[in-house]
1. Could you look through the stretch 116-171, keep only residues that are of a type in the set (Phe, Trp, Tyr) and not in a loop (DSSP other than H, G, I, E, B), and pick out the one that is surrounded by the most Cβ atoms within 10 Å (Cβ to Cβ)?
2. Looking only at strands (runs of 3 or more DSSP E) that lie completely in the stretch 39-99, which have at least 1 residues being among the hydrophobic types (A, V, I, L, M, F, W, C) and in contact with a Cys (Cβ under 6 Å, 6 or more places away or on another chain)?
3. Among the residues of the stretch 107-145 satisfying the criterion of being among the acidic types (Asp, Glu) and touching a residue at least 24 places away in the same chain (Cβ under 8 Å), which is nearest to Ala92 (Cα to Cα)?
4. For the condition at positive phi, more than 15 Å from the chain's Cα centre (by Cα) and not aromatic (Phe, Trp, Tyr), what is the one hit in His148, His97?
5. Out of everything in the stretch 67-88 that is in contact with a strand residue (DSSP E or B) (Cβ under 9 Å, 6 or more places away or on another chain) and farther than 22 Å from Ser122 by Cα, what residue ends up being surrounded by the fewest Cβ atoms within 10 Å (Cβ to Cβ)?
6. Taking the residues in the stretch 33-61 that are surrounded by 19 or more Cβ atoms within 10 Å (Cβ to Cβ) and among the charged types (D, E, K, R) as candidates, determine which candidate is nearest to Ile99 (Cα to Cα).
7. Condition test on Tyr102, is it in a strand (DSSP E or B) and touching a helix residue (DSSP H, G or I) at 6+ places or on another chain (Cβ under 6 Å)?
8. Run down Glu57, Glu22 and say which single residue is over 16 Å from Glu105 (Cβ atoms), of a type in the set (Asp, Glu) and in contact (Cβ under 8 Å) with a residue 40 or more places away in the chain.
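Taken together, the values in this text are just the output of simple stated rules run on the coordinates, not laboratory data. In this text the structure is predicted, and so the values were computed from the model without any measurement. Positions of Cβ are generated from backbone atoms using ideal geometry, with glycine treated the same way; all protein chains shown enter the neighbour counts.
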Amino acid sequence: MIVRCVVAKIPILRYQLPINLELHIVDDISLELYENRQTSAGDSESGGILLGSIYDEIVRVEAISIPSGSDVRGINYFQRDKTRAQRLINQAYEYSHGITNYLGEWHTHYQEYPQPSQLDSSEILKTFKNSILPLNYLLDIIVGCGDHIGDLWIGFVAERGIEPCPRIIDL
């Protein structure tokens, strides 16, 4: 008897950035974001940094940090430990010989269709303006509480402000 086993693979999540680049969130990262979502109204927010690289016209999120005991978390807020985050950014950059860079931030909301709050917007803009970056933009990902891995809001943060990025759906 032959038994055929099929393993379902999570598709790469793709988004259109406003600068003629595509954002790709690789499968294990999209799963990690999903697993860190808030599943009930009393759950604390999760969050961290986004790390990745740029190849041709594709920005790839290839790693994220996940919450640690040194982060400050509550039902409606997440404040990452900046020292720990900078250490992770430096390690990834050095280990990859300058290929892996800090791309931005992610956090969760207890919303099925997440949207940034005014505080979220002001904080990511402040991070953008106060950071020394190899890129002229940052990404902001908000993970919703829905049952689908792609329940994300993606923001493109640049000098002109924050722009939402639409998902690219393969037919």
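1. Residues of the stretch 116-171 that are of a type in the set (Phe, Trp, Tyr), as a first pass: 128, 137, 153, 156.
Filter again for not in a loop (DSSP other than H, G, I, E, B), leaving 128, 153, 156.
Details: Phe128: 21, Trp153: 18, Phe156: 23.
Step by step, filter the stretch 116-171, then rank; the result is Phe156.
2. Working: elements: 47-55, 58-64, 72-74, 77-79.
Because the criterion is at least 1 residues that are among the hydrophobic types (A, V, I, L, M, F, W, C) and in contact with a Cys (Cβ under 6 Å, 6 or more places away or on another chain), no strands (runs of 3 or more DSSP E) in the stretch 39-99 meet it.
3. Residues of the stretch 107-145 among the acidic types (Asp, Glu): 112, 120, 123, 140.
Checking the rest, the ones that are also touching a residue at least 24 places away in the same chain (Cβ under 8 Å) come to 112, 140.
Details: Glu112: 32, Asp140: 19 Å.
Restricting to residues being among the acidic types (Asp, Glu) and touching a residue at least 24 places away in the same chain (Cβ under 8 Å), the top hit is Asp140.
4. Working: His148 fails: at positive phi.
Step by step, each of His148, His97 is checked, and only His97 is at positive phi, more than 15 Å from the chain's Cα centre (by Cα) and not aromatic (Phe, Trp, Tyr).
5. Ser68
6. Checking each candidate, the answer is Arg60.
7. Values: in a strand (DSSP E or B): yes; touching a helix residue (DSSP H, G or I) at 6+ places or on another chain (Cβ under 6 Å): yes.
Judged against the criteria, Tyr102 is a match.
8. Values: Glu57 fails: in contact (Cβ under 8 Å) with a residue 40 or more places away in the chain.
One residue alone meets the criteria, Glu22.
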